[in-house]
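Structure record follows, encoded as structure tokens.
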Amino acid sequence: MEKRGLSTIVVTLILIVLSLIAVGAIWMIVNNIIKSNSNNTGISGLTINLKITNAYEQDGKIYTSVVRNPGEGELSKIKFIFSDGINSEIISNDTSLAQLDTNIFAISLSKLTAAEVKTVSIAPVFKLSDGTESTGAIADTYNIAAGGEENPSGENPEGENPNCTPNCGLKICGDDGCGGICSPGCSSGTCSQDGLSCVNCIPKTCQEQGYACGTPSNGCGGILECGNCPSGQLCSEDYLSCASANAVNTGLVEDVWPGTSGLYFGSSSLSTTEDYQGDYVKFPGSLETRCLLIIVSRLPIEGYYKSHVGFNFETMIKAGDNYQIFNTVQECNA
């Protein structure tokens, strides 16, 4: 009987212990849910409303005027996201901007060149009930005016559609298709060309890459200035050398008509089989100093044995001028 009574007590104690463990586990789950719901409620209940009223570059700084419209929440910082269309830089600025207040933030950039910045976006950083901080979504994006010129309308100076819908997909940086940048951007390094990652990139010089002319890439999304070629020469497609611009036809202007308008000219040096429409012609040493697009190219016709070319506007060419025809306007202007 004593053994049976002892077994009953042991079983009872085990059941009590198991019950306490179960109650503790349930409380931990419920407590986490309560905390999670509390934080979510705190975030969703925040309605911080920021708007950029003006932004412009002056003396190497970006001046951004921000107004806080009515809305609940404790604002602790504003994140400014600057973009030059390729790379971005994020600057956090402590602020306690109150509702209906406006402040102008003068911000110096360390990674981007202020004069090349195209857009600035802002996102609020607010404090939660547990004391932690959380960054909200981008509240506004503004197109920056250069050279200290205020741009109160915020419209893109290049005429981009202000109603454009950003298209980032999986991109985390780079252009969003509307003049802004995809979030969160790159706080360090540069944005990859596909916008899917931020990479540490060291720009290369013209000398390091062996470039002799033109405007090639620096390997990090920037553009180099590697110099111009001498007159009459063009930079090669690989930027490694300058080469003479080769004319496809040269000769002497023999006839000009109608009258002295210079709408057409003929020459026995023009090919009787080649079509020059879409090519460019210049007249070295003449009064006509432009490279002209050839609109009309005609082979010899009955009663006139020469080929002739023409334009859709009057020119300064006259009989006796030298001419040179090139395939491209770049070659013509060299």
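Quick notes on this one:
- Over all pairs of different C-alpha atoms, the range 249-333 has a mean inverse distance whose reciprocal, the Kirkwood radius, equals 12.5 Å.
- Protection proxy ranking of 167-178, 313-324, by the mean of other Cβ atoms within 10 Å over each peptide's residues and highest first, is 167-178, 313-324.
- Orientation-averaged projected area, Cα convex hull of the range 202-244 (nm²): 2.7
- Ranked list, fewest to most other Cβ atoms within 10 Å of each Cβ, for SER297, SER307, SER271: SER271, SER297, SER307
- Taken over the C-alpha atoms, the range 177-296 has Rg and Dmax values of 23.0, 67 angstrom.
- Over 25 Å between alpha carbons, listed pairs LYS79/LYS171; LYS77/LYS204; LYS79/LYS118: LYS77/LYS204
Since every read-out is calculated from the coordinates, none of them should be taken as a lab result. Remember, predicted model here, so these are calculated numbers, not experimental data. All Cβ positions, even for glycine, are placed from backbone atoms using ideal geometry, and neighbour counts span all protein chains on display.
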